[in-house]
Amino acid sequence: MTPDKTFHLRQILNITFMVLALVGIIVWFAVSDFWGKAIVLLAIVVKMAETCFRLIKRKEE
């Protein structure tokens with residue numbers, strides 16, 4: 001399987017999602033409920049963007 005043209009972008013978005021989710025959970029429990037939830041919500045938006053790229057690729061096949 002060869003990577004498509006969005007492969008690298010999707011990998012960057014996946015790494016960004018994982019880092020944001022981890023930071024968000026740490027902030028949520030250690031510092032602030034509001035900011036922790038905001039960071040986790042941002043991570044979810046990043047993951048949704050990555051999923052859209054993946055679904056668009058599948059539709060084209």
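Summary table below
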item: Table column - 3J(HN,Hα) (Hz), segment 44-50, Karplus curve with 6.51, -1.76, 1.60, x for Gly and Pro; result: 5, 5, 4, 5, 5, 5, 4
item: Helix 7-30 vs. the chain, principal-axis angle (Cα, 0 to 90°, nearest 10); result: 10
item: Entry for volume of the Cα convex hull per residue in Å³ (calculated from the structure that is shown) out of (1) 107; (2) 64; (3) 97; result: (2)
item: Nearby lysines by direct alpha-carbon distance to Lys57 (threshold 20 angstrom, same-chain neighbours under 8 apart not counted); result: Lys5, Lys47
item: Label-to-label distance, nm, for residues given as His8 and Val45 (7 Å Cα→Cβ offset); result: 2.6
item: Asp33 - accessible surface, heavy atoms, 1.4 Å probe, Å² rounded to 10; result: 90
item: Accessible area of the chain belonging to carbon and sulfur atoms, whole % at 1.4 Å probe; result: 75
item: Whole-angstrom gap from segment 1-20 to segment 32-58, using each part's C-alpha centre; result: 13
item: Candidates per trypsin sites (Lys or Arg not before Pro) in segment 1-56, loop by DSSP, up to 13 other Cβ within 10 Å; result: Lys5
item: Solvent-accessible area per residue, Å², over the chain with all protein chains present [probe radius 1.4 Å]; result: 80
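The values are calculated or read from the model by the stated rules, or taken from the named source; none is laboratory data. Since we're looking at a predicted model, the values are computed, not measured. Don't worry about glycine lacking a Cβ; one is built from the backbone with ideal geometry, like all the others, and counts go over all protein chains shown. These area figures cover heavy atoms from the full protein model, side chains too; ligands, DNA and RNA do not enter into them. Shrake-Rupley method; radii C 1.70, N 1.55, O 1.52, S 1.80 Å.
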